[in-house]
Number of protein chains: 4
Amino acid sequence: MKKVTIQYRVPYADTDQMQVVYYGNYLTYFERSRNELLREMGFSYKELEAMGCALPVKEAHVNYLLPAAYDDLLEITGWCEFFQGVRMKIRCEVRRNGQLLAEGYTLHATCDIKTMRPARPPQALRDAIAGQ
Amino acid sequence: MKKVTIQYRVPYADTDQMQVVYYGNYLTYFERSRNELLREMGFSYKELEAMGCALPVKEAHVNYLLPAAYDDLLEITGWCEFFQGVRMKIRCEVRRNGQLLAEGYTLHATCDIKTMRPARPPQALRDAIAGQ
Amino acid sequence: MKKVTIQYRVPYADTDQMQVVYYGNYLTYFERSRNELLREMGFSYKELEAMGCALPVKEAHVNYLLPAAYDDLLEITGWCEFFQGVRMKIRCEVRRNGQLLAEGYTLHATCDIKTMRPARPPQALRDAIAGQ
Amino acid sequence: MKKVTIQYRVPYADTDQMQVVYYGNYLTYFERSRNELLREMGFSYKELEAMGCALPVKEAHVNYLLPAAYDDLLEITGWCEFFQGVRMKIRCEVRRNGQLLAEGYTLHATCDIKTMRPARPPQALRDAIAGQ
């Protein structure tokens with residue numbers, strides 16, 4: 001499966017008083033890599049929405065191994081672990097200088113953006129993923 | 001003018017590595033008191049939106065006097081400084097045990113929520129504010 | 001085990017363009033209830049830190065059932081599922097009018113705040129938890 | 001004065017239910033450009049802190065002209081408007097495809113990081129700024 005890695009510089013805004021990145025912010029990091037993963041797979045999430053497809057998160061999980069800190073230049077890697085029917089699982093890893101700091105996943109339902117009910121995604125997306 | 005004060009407990013999420021509340025979070029504190037101010041004035045912002053009126057922020061200003069910290073129980077006070085035509089200015093103060101930590105304002109345009117262009121707000125809101 | 005429920009009003013700041021609460025913000029909601037849970041158990045997290053004990057998050061999990069929206073008055077409930085050796089697991093549920101919207105947990109290591117290495121927590125905390 | 005421009009891709013996390021970037025997030029955008037401005041001027045903020053110098057924000061101001069949206073690739077430009085004694089003013093502009101969306105400033109005090117009281121910054125920083 002295609003893996004996409006982005007770089008991200010940690011601002012003060014992301015840290016907390018323990019002088020590390022606040023644990024909730026990793027879910028935004030996951031989103032940042034997911035956005036670029038989808039773009040690389042052929043459709044930005046914005047385009048997917050325009051095609052009538054939304055990918056709400058049904059489940060999120062993070063394992064925290066080592067803390068990230070202010071001004072760290074993180075490498076955030078995302079890839080699609082599986083995509084079956086109306087379920088898509090995206091894995092994500094956060095590293096600094098190659099060292100793994102945190103990893104986890106988000107589980108998504110492919111939904112009709114009007115009803116927000118599960119629906120098969122556009123054929124074009126299925127083809128794009130099958131072609132990875 | 002009616003003043004509304006809410007209490008707010010600072011979570012770790014709001015702090016940064018200097019062990020104080022991150023400066024950007026005060027604009028969310030302002031919003032929290034604004035929401036309750038509008039509710040007290042007779043219309044929650046959600047109701048205003050349902051009436052076709054939005055209040056986008058055109059200008060925001062904060063003066064930082066003393067830092068707030070984790071677990072502080074803040075008092076956040078908001079009031080409408082003026083409301084003329086399509087402009088509304090809301091002042092806000094953030095205190096801890098009565099001591100002023102930060103203060104500032106947001107300047108809003110009353111807009112038609114469909115076009116997001118300036119528009120006179122619903123008569124009911126004008127009456128409510130005039131009656132303060 | 002003692003359960004603590006707090007009320008929380010959702011600001012605009014917490015929503016995203018899908019007009020629901022952004023998925024990452026639930027981890028802050030979990031923290032808000034955790035803070036009050038610890039306080040109810042006899043020690044605010046701030047006091048725990050002053051006693052030399054930190055509770056970094058090693059793992060976080062959220063199941064999203066139904067979306068929360070702007071201006072919702074949420075009920076966030078937290079309780080300690082287990083506490084053994086240097087591991088503490090806190091469960092959390094987010095409801096609106098009693099209806100479950102999201103639930104999950106955080107797994108913590110009790111650490112020495114100076115070294116951030118796992119360490120048995122203060123006896124007073126162990127007694128407090130045993131007494132729940 | 002040296003101007004530094006960074007690019008920033010807007011995640012869902014930054015948007016609110018009006019489908020635009022939440023107004024408070026612009027202060028984080030300002031910080032992101034400030035960090036790179038300082039780095040370009042010769043000292044990352046992290047290095048400044050290591051030299052015993054902190055730059056807490058005393059005042060922040062934002063004028064909102066046009067909304068930014070999800071997936072926008074923003075250009076955030078920062079520069080030092082003045083630096084006299086213990087005061088430093090940083091201006092910031094946020095653009096999309098060259099069009100100005102928001103602009104404002106932050107006013108900082110140069111402080112001794114131990115006491116957080118105003119103090120002349122390290123000579124090296126003064127020289128670096130004088131040399132811009």
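No value in this document is a laboratory result; all are computed from the given coordinates. Source: prediction; values computed, not measured. Positions of Cβ are generated from backbone atoms using ideal geometry, with glycine treated the same way; all protein chains shown enter the neighbour counts.
Based on the Kirkwood radius over alpha-carbon pairs, what is the Stokes-Einstein translational diffusion coefficient of the protein assembly as shown at 20 °C with 1.002 mPa s viscosity, in µm²/s?
Values: Rh = 24.3 Å.
Estimated diffusion coefficient is 88 µm²/s.
Quick one: label points 7 angstrom along Cα→Cβ at A:ARG120, distances to the other copies in nm, smallest first?
Reported distances to equivalent positions: 5.5, 6.0, 7.5 nm.
For region D:60-106, which semi-axes, largest first and in whole Å, follow from the square roots of 5 times the eigenvalues of its Cα gyration tensor? Please list the in-between numbers first.
Numbers: eigenvalues 120, 20, 11 Å².
Square roots of five times the eigenvalues give 25, 10, 7 Å.
Post the alpha-carbon centroid distance, region C:42-65 to region A:36-90, in whole angstrom.
A separation of 27 Å, based on Cα centres.
Any idea what the dipole of region A:11-130 comes to, in debye rounded to 20, about its Cα centre with Lys/Arg Cβ at +1 and Asp/Glu Cβ at -1?
Details: 14 positive and 16 negative charges, 116 e Å.
It comes to approximately 560 debye.
Determine which lysines satisfy two conditions relative to B:LYS2: a Cα distance under 19 Å, and not lying fewer than 8 residues away in the same chain.
In chain and number order, the partners are B:LYS89.
Residues in region B:18-45 near a label at A:ARG96, defined as backbone nitrogen under 16 Å from the 7 Å Cα→Cβ point?
B:18
Take peptides C:81-89, C:4-12 and line them up by average Cβ neighbours within 10 Å, highest first, as a rough protection proxy. Working shown, then result.
On the way: C:81-89: 14.0, C:4-12: 17.1.
The peptides rank, most packed first, as C:4-12, C:81-89.
Taking each residue of D:42-49 in turn, how many C-beta atoms of other protein chains fall within 10 Å of its C-beta, and what is the average? Spell out each step's value before the answer.
On the way: counts 0, 0, 2, 4, 5, 1, 0, 4.
Across D:42-49, the average partner-chain Cβ count within 10 Å equals 2.
Taking every eigenvalue of the Cα gyration tensor of region D:3-53, multiplying by 5 and rooting it, what semi-axes result, largest first, whole Å?
28, 12, 7
What do you get for Rg/Rh over region A:3-130 if you use C-alpha atoms and the Kirkwood form of Rh?
Expressed as Rg/Rh, it is 1.01.
Give me the inter-chain shielding for A:28-39: mean count of other chain Cβ atoms within 10 Å, whole number please.
Values: counts 8, 3, 3, 8, 4, 0, 2, 6, 1, 0, 0, 2.
Counting Cβ atoms of other protein chains within 10 Å of each residue's Cβ and averaging gives 3.
Could you work out the mean count of beta carbons from other protein chains within 10 Å of each residue's beta carbon in B:97-104? Present the calculation step by step, with values, prior to reporting the outcome.
Numbers: counts 0, 0, 0, 0, 0, 2, 0, 3.
So the per-residue partner count for this stretch is 1.
Excluding residues fewer than 8 places away in the same chain, name every one of the aspartates and glutamates whose C-alpha is closer than 19 Å to that of B:LYS3.
Output for B:LYS3: B:GLU31, B:GLU36, B:GLU40, B:GLU75, B:GLU81, B:GLU93, B:GLU103, B:ASP127.
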